[in-house]
1. Given the Cα-Cα distance of residue 33 and residue 142 and 0.36 nm per residue of separation, how much length would full extension add, in nm?
2. Taking neighbour counts of Cβ atoms within 10 Å as a proxy for exposure, in what order, fewest first, do 20, 163 appear?
3. Is region 239-315 rounded, prolate or oblate when judged by the Cα gyration tensor, a ≥ b ≥ c being the square roots of its eigenvalues, rounded requiring a/c under 1.5 and prolate requiring a/b larger than b/c?
4. Please arrange 126, 290, 60 by how many other C-beta atoms lie within 10 Å of their C-beta, fewest to most.
5. Quick one: which of 44-50, 68-74 comes out on top by average Cβ neighbours within 10 Å, and what's the full order, highest first?
6. Can you give the angle from 0 to 90° between the axis of helix 57-69 and the longest principal axis of the chain, with both taken from C-alpha atoms, to the nearest 10?
7. Please give, to one decimal in nm, the separation of the simple spin-label points placed at residue 190 and residue 258, each 7 Å out from Cα toward the Cβ.
8. Using the count of nearby Cβ atoms within 10 Å as a rough guide to exposure, how do 292, 214 rank from fewest to most?
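Nothing in this text is a laboratory measurement; each read-out follows from the coordinates by a stated rule. Here the structure is a predicted model, which is why all the values come from computation and not from measurement. A quick note on method: Cβ atoms are made from the backbone with ideal geometry, for glycine too, and the neighbour counts reach across all protein chains shown.
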């Protein structure tokens, strides 16, 4: 798999990343093992997790399987902090103490002495940004993180954080992880331009539009899908409207014309957008992941890329 630099840093990642949000809950150990093995066999290197994913079970499974497969040196392990922790699931706490406590707990679950990329999961107005950034810098200085990033920040938050960090001569913010797909292009207005100007890489989560762009919901809701899961039903539902269906149909038609799957079309569109370092793909099963990994051999003609861009502008 092709490797890319993350922004203007020396950190290299595969242009598809492995997301593990369902590991330990909807994805069991056997499926997760098969996913990681398939990802490694394809040349993938970026594995993304978080302590808030399945209450830490995702990190524990990631660490156990990496240890089992003996692949730590081959991988770029990314995790986050700022959600959950001592304030409970879903609660944001980006204070210095909470962030560093979560990092220590993450390293324990992962069975590692450092992560390659440590990201603040969310922005919070309740804590001065200087305090949050100080925790990031301390993680790098103490050797517990090699690179740092932010996640789910809007445009001005991204620019503000990066500028403050640079002004104090601290470890640079290497990346921003944000949702991006043909069904959610909001980052194009401010986040992508800010990241480009500041030399930050973009890690795109949910490039398949929370699974909707796979086409699985074109004729209903499959019983084994995320939309049928009590954990993810509300996560998927906003992308099942009429406007989204028009984009899904366009993706499906493009796939038919190119003799590739809708998954490959949707992933290739995100992967090849300017500024994107990696598209992070999550899958419930190894079979689903393998269907995504095949996009490495797919290149979408410029005319079709443009047509998909046009049809998705109104979503």
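1. Value of the extension gain: 36.1 nm.
2. The most exposed by this proxy come first: 163, 20.
3. Rounded.
4. 126, 290, 60
5. In descending order of packing, they fall as 44-50, 68-74.
6. Helix 57-69 sits at roughly 90 degrees to that axis.
7. 3.2 nm
8. The order, fewest Cβ neighbours first, is 214, 292.
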